[in-house]
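Read-outs throughout are calculated quantities, based only on the coordinates presented, and are distinct from any laboratory measurement. Values in this document were obtained by computation on a predicted structure and should not be read as measured data. Cβ sites come from the backbone with ideal geometry, for glycine too, and all protein chains shown count toward neighbours.
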Amino acid sequence: MSSKTTGNVMAGTHFLMGNIACAEGAIAAGCNFAAGYPITPATEIINHLAKKLPLHGGIFLQTEDEISAISSIVGASWSGCKVLTATSGPGISLMQENIGFAVATETPLVIIDVQRLGPSTGVPSIGLAGDIVQVARGSHGDYQIIALCPDGPQEMFDLTVRAFNLSEKYRVPVFLMAEGFIGHMRERVVIPDASELSLVARTIQRGAGGPMQRQDFLDAAVAPMPVFGNGLKSHVTSSCHDEHGMRNLSDPEIMHKFITKPIEKIMRHRDDIIQVEKNYKDCDIVLVAYGSVSRSAKAAAELARADGLKVGIFRFITCWPFPGEEIREMAESVKHMIVLENNCGQLFPYIKAEAAHACRVDFIGPQTLGQIHDPEYVLSRLKEMVR
Amino acid sequence: MSEIMHPLRMKYTREHVKKTTNCPGCGNGIIVQAILRAIDELGMDMDEFAFVSGIGCSAWIPSPLFNADTLHTTHGRPIAFATGVKLGKPELNVVVASGDGDLAAIGGNHLIHAARRNIGITVILVNNGIYAMTGGQTAPTTPRGVNTTTNPYGTLESVFDISSLVLAAGAPFVARWTTYHPRQITSSLKKAFTSRGFSFIEIISQCPVQYGKVTKSGSALDLLKHYKKDSIKIDKARTMDPESLKGKIVVGEFVNEQKPELSAEWTELKARVMEGRS
Ligand SMILES: Cc1ncc(C[n+]2csc(CCOP(=O)(O)OP(=O)(O)O)c2C)c(N)n1
Ligand code: SF4
Ligand SMILES: [Mg+2]
């Protein structure tokens, strides 16, 4: 294993745990303020950041709870920092109100969710993709979110960097949806040289005058962020506000924009945000998966092809905004989609809604919840379905 | 809704904000003035400040009125947001203003931990003894035995002595005044704005519209008269027995000492470990 650290980047080839690769990704992306509260299976991320952030001039704050963690990173983001928190499902549940605050105030930040088996306290050390829908729909009100699904330690690094870039570019919270299995998996991770990493920093508002002379919010093309401490006299509220950030609870036009502009900001750039991995050319059947299960899907597809079945794969790298167009396009070229998820079928209804008009759509959950799909099991179920 | 006509108006408030959300007679107006006077008397600039508030009538004190960076957050969480603002930009003077429900009920945990951490922010807690904005429900500061919207047959619980709580949690600066003491509030705020550590000022304030009506405690004037009659300075209170202090409001500066402040400690720590690395 070779390694050399230039600046914040631990360039080289390493054998790393997913959670450590994630923390290194955050440091490489320029994260300089992180806050969190210990929770299995995410704890290694905050432990590593606590050790390494100060070496690069950053701060890790252990807060009194996850509500404080999300709130303090929102505050630090408004002070101009690149910010992160890392937790698991119980922490996300506590954070939800203020995730909505970040959405409504267009605050860039990154949330790592190393998911565990639930509901409730569940099983801390077992990975289950149980939060996939709650991160998109868990805070009250109507909004869109960006969420990425790593399939292993390499992507724990790569997609953490990408999460920071997307959050800074679009002034939004971005989720990295790891599962406990991915967070704790150890694999080869190649970290590029600092010069090869492309990093995005938010555009900062430089407009003279006060907020009434500027557009600080509600621009689908992304308004520059009026960060604090620059004499901008910015006003930030999660109550319904106009483009100056001023509260307005009476004008229906402003209420409409308050909801739709942040959604439009994400949806207008969906082609830049959405990434999928697909390999289903000339296939009749596609295994659709994300996260840890996508590894089983790939293995099962190989076994099936060795058996003469034309089976392809489709993997969500971005799960929110939902890659509906990509699913529809696939539905029109294949006969049968089989959705594999490490849960009881959270994205399945969304996939079905886009695909069922054009092809057959089925679901295979884990044989036993909490166990990774066995490729042989997937193959035998697949054969039953197509018989 | 009342027009703002004070001379401090042009200097420190947003020009386009023509009205406050306070009811006539509300103590919040006195607190607005005390804050702006303190800044004025210190000769400080609004650009040195970031004001953070939660949800409730009192959270409207700085937002959107003050012509500074203002962050209006969620119910109970302003101190947690403010902690991030301060650690992100330690040179900013970060000031939280919010209600007793906001800071001592739903946000009570953040309050005691901020005091313990000694994060260098100023917290102005407006204690009107009630949840005013939502219509006169019981707060942890509502006196025992009075009727409220949610305890229509009388409250059964004891009140929080918030200043003592914050003192016990380790805050280096704690003061309590009532809106009958605007000069003293200003003086304590000046100390708070120029001190380095966590500074806490509890202000007992009249809410004639909810507290006054719901608990049948009278008008703004009645409440101010009560503050005048029943306030006892801390020095004197220390010589009195608990029995004779019943029903009294102990006011004054309870502590004013120096302790290592968190954002400054972080700056030092970072310098130390970065030097060790190179
Ligand atoms: C999570 C949440 N729960 C409840 C509310 C409703 N709510 C708004 S203000 C308030 C109480 C405010 O009381 P206090 O903080 O004492 O402020 P005051 O209005 O008395 O100044 C409540 C319960 C809310 N906004 N958010
Ligand atoms: S309800 Fe009470 S606290 Fe609220 S603005 Fe009116 S008087 Fe002030
Ligand atoms: Mg109150």
Next item on the list: Output the relative contact order of chain A, whole-number percent, from Cα pairs under 8 angstrom with separation of 6+ residues.
Entry: 15
Notebook entry, point to check: Considering every residue in B:253-261, what mean count of other chain Cβ atoms within 10 Å of its Cβ is obtained?
Noted result: 0
Item checked: Using θ = phi - 60° and Karplus 6.51 cos²θ - 1.76 cosθ + 1.60, couplings along region A:66-74 (whole Hz; Gly, Pro as x) -> 6, 5, 5, 4, 5, 5, 6, 6, 4
Item checked: Cα-based Rg of the protein assembly as shown normalised by 2.2 N^0.38 Å, two decimals -> 1.06
Notebook entry, point to check: Using modelled amide H (1.01 Å from N, peptide plane; none on Pro or chain starts), what sits under 5 Å from the amide H of A:A147, excluding residues fewer than 5 places away?
Noted result: A:F175, A:C319, A:W320
Checklist line | Where only alpha carbons of region A:3-196 are counted, the Rg and the Dmax (Å) | finding: 15.0, 46
Next item on the list: Take every DSSP beta bridge whose two residues both sit in region A:240-387, then give the antiparallel share in percent to the nearest 5.
Entry: 25
Next item on the list: For B:K213, go through the lysines and keep the ones whose alpha-carbon is under 17 Å away, minus same-chain ones fewer than eight residues off.
Entry: B:K225
Check: Hey, got a sec? Which chymotrypsin sites (Phe, Trp or Tyr not before Pro) in region B:64-171 land in a DSSP loop and have at most 13 other Cβ atoms within 10 Å?
Finding: B:Y153
Margin query: I want the local charge near A:P108. Using Cβ-Cβ distances under 11 Å, sum +1 for each Lys or Arg and -1 for each Asp or Glu among the other residues.
Written below: +2
Check: Can you give me the relative contact order of region A:277-386 as a percent, contacts being Cα pairs under 8 Å and 6 or more apart?
Finding: 30
Check: Looking at chain B, what % of its DSSP beta bridges pair antiparallel, to the nearest 5?
Finding: 20
Margin query: Run the helix sum for chain B: -39,500 (n - 2.57) per DSSP H stretch of 4+ residues, divided by residue count, reported at 222 nm to the nearest 500 deg cm²/dmol.
Written below: -10000 deg cm²/dmol
Check: How long is chain B along each principal axis, judged by its Cα atoms, biggest number first, in Å?
Finding: 67, 47, 33
Checklist line | Rounded D (µm²/s) - region A:277-386, Kirkwood Rh over Cα pairs, Stokes-Einstein at 25 °C, 0.890 mPa s | finding: 182
Check: So how tilted is helix A:18-28 from the main axis of chain A? Cα-based, degrees 0 to 90, rounded to 10.
Finding: 40
Checklist line | For region A:254-261, Karplus couplings with θ = phi - 60° (6.51, -1.76, 1.60), whole Hz, Gly/Pro x | finding: 5, 4, 4, 5, 4, 8, 7, 5
Next item on the list: Could you tell me whether region B:166-278 comes out rounded, prolate or oblate from its Cα gyration tensor? Rule is a ≥ b ≥ c as square roots of the eigenvalues, rounded for a/c under 1.5, then prolate if a/b exceeds b/c, otherwise oblate.
Entry: prolate
Check: Which of rounded, prolate, oblate describes region B:16-108, given a ≥ b ≥ c as roots of the alpha-carbon gyration tensor eigenvalues and a/c under 1.5 marking rounded, otherwise prolate only if a/b is larger than b/c?
Finding: oblate
Checklist line | the protein assembly as shown, dipole about Cα centre (Lys/Arg Cβ +1, Asp/Glu Cβ -1), debye to the nearest 20 | finding: 1340
Checklist line | Among A:160-167, A:348-355, A:273-280, the order from most to least packed when residues are scored by Cβ within 10 Å on average | finding: A:160-167, A:348-355, A:273-280
Next item on the list: List the aspartates and glutamates whose Cα lies under 20 Å from the Cα of B:K246, skipping any in the same chain that are fewer than 8 positions away.
Entry: B:E157, B:D161, B:E202, B:D222, B:D230, B:D235
Next item on the list: Past 28 Å, Cα to Cα, is the threshold; run A:K82/B:K11; A:K233/B:K19; A:K352/A:K383 against it and keep the listed order.
Entry: A:K82/B:K11
Next item on the list: From the C-alpha gyration tensor of region A:320-377, pull out the three semi-axes of the equivalent ellipsoid (sqrt of 5λ each), sorted largest to smallest, in whole Å.
Entry: 22, 13, 9
Next item on the list: Based solely on C-alpha atoms, express the radius of gyration and the Dmax of chain A in angstrom.
Entry: 21.2, 70
Item checked: region A:129-277: Rg to Rh, with Rh as the Kirkwood radius over Cα pairs -> 1.03
Margin query: Can you compute the helix-only [θ] at 222 nm over chain A? Use -39500 (n - 2.57) per DSSP H run of at least 4 residues, normalise by all residues, nearest 500 deg cm²/dmol.
Written below: -11000 deg cm²/dmol
Notebook entry, point to check: If we sort A:118-124, A:292-298 on the protection proxy, mean other Cβ atoms within 10 Å, highest first, what's the order?
Noted result: A:292-298, A:118-124
Item checked: Average other protein chain Cβ within 10 Å of Cβ, residues B:104-113 -> 2
Next item on the list: Pull up the DSSP beta bridges for the protein assembly as shown and report the antiparallel fraction as a percent, rounded to 5.
Entry: 25
